[in-house]
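Notes for the one structure printed next.
The values are calculated or read from the model by the stated rules, or taken from the named source; none is laboratory data. Computed from a prediction, not measured in an experiment: that's the story for all the values here. Positions of Cβ are backbone-derived with ideal geometry, glycine not excepted, and every protein chain shown enters the neighbour counts. Calculation scope for accessible area: heavy atoms of the full protein, side chains included, ligands and nucleic acids excluded. Shrake-Rupley method; radii C 1.70, N 1.55, O 1.52, S 1.80 Å.
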Amino acid sequence: MALKVDLKQFLDDQGNEIALTDQAKTVFYFITNIVLCVTKHIEQPTVEVDLKCSTRAKNLDCEGSIKASCLAPNMINWHCDCCEASGSISNWQYSKWDKQLRTLH
Ligand SMILES: [Zn+2]
């Protein structure tokens, strides 16, 4: 089952992390690291994220690594190279974890 995450659900009006349950924190850490990694290497079609599949929740033991890509504007897709796990992240643009280089106005 694909894990669809809207980053806005984790943030307040100022773009800061809201109070999260332990489970949500684990997911949040996983998701924000994917966003950081993809946006730092936005020119690459697929980015290998320095995260293990098991990072996304407790009680997982998959040692697969996560590959992610930005296929559509405002949508990052990721998948595990070892198991069926996959997901998408929306509303990450302009968040603190969006490291794309932009022209300053
Ligand atoms: Zn996996």
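Cross-link partners of residue 99 among aspartates and glutamates, defined as those whose alpha carbon lies under 19 angstrom from its own and excluding same-chain residues fewer than eight positions apart: 6, 17, 43, 48, 50. Here segment 3-90 is treated as a Stokes sphere of Kirkwood radius computed over C-alpha pairs; at 10 °C and 1.306 mPa s its diffusion coefficient rounds to 120 µm²/s.
Averaged per residue, segment 24-84 has 55 square angstrom of accessible surface, using a 1.4 angstrom probe with ligands and nucleic acids left out. Report the Cα centroid-to-centroid distance between segment 1-25 and segment 55-105 in angstrom, as an integer. A separation of 14 Å, based on Cα centres. As a length-normalised measure over Cα pairs under 8 Å and 6 or more apart, the relative contact order of the chain settles at 30 percent. Extension gain for residue 72 to residue 102 (0.36 nm times residue separation, less C-alpha to C-alpha distance): 9.0 nm.
From the helices alone, meaning DSSP H stretches of at least four residues, give me the mean residue ellipticity at 222 nm for the chain, per-run term -39500 (n - 2.57), in deg cm²/dmol to the nearest 500.
Roughly -6000 deg cm²/dmol at 222 nm, from the helical runs in the chain.
For the chain, the dipole from Cβ point charges (+1 on Lys and Arg, -1 on Asp and Glu) about the Cα centre works out to 160 debye, to the nearest 20. Among the protein heavy atoms of the chain, carbon and sulfur supply 51% of the accessible surface, probe 1.4 Å, non-protein parts ignored. Once backbone amide H atoms are built at 1.01 Å from N, residue 3 has 86, 87, 88 as its partners under 5 Å, excluding neighbours fewer than 5 places away on the same chain.
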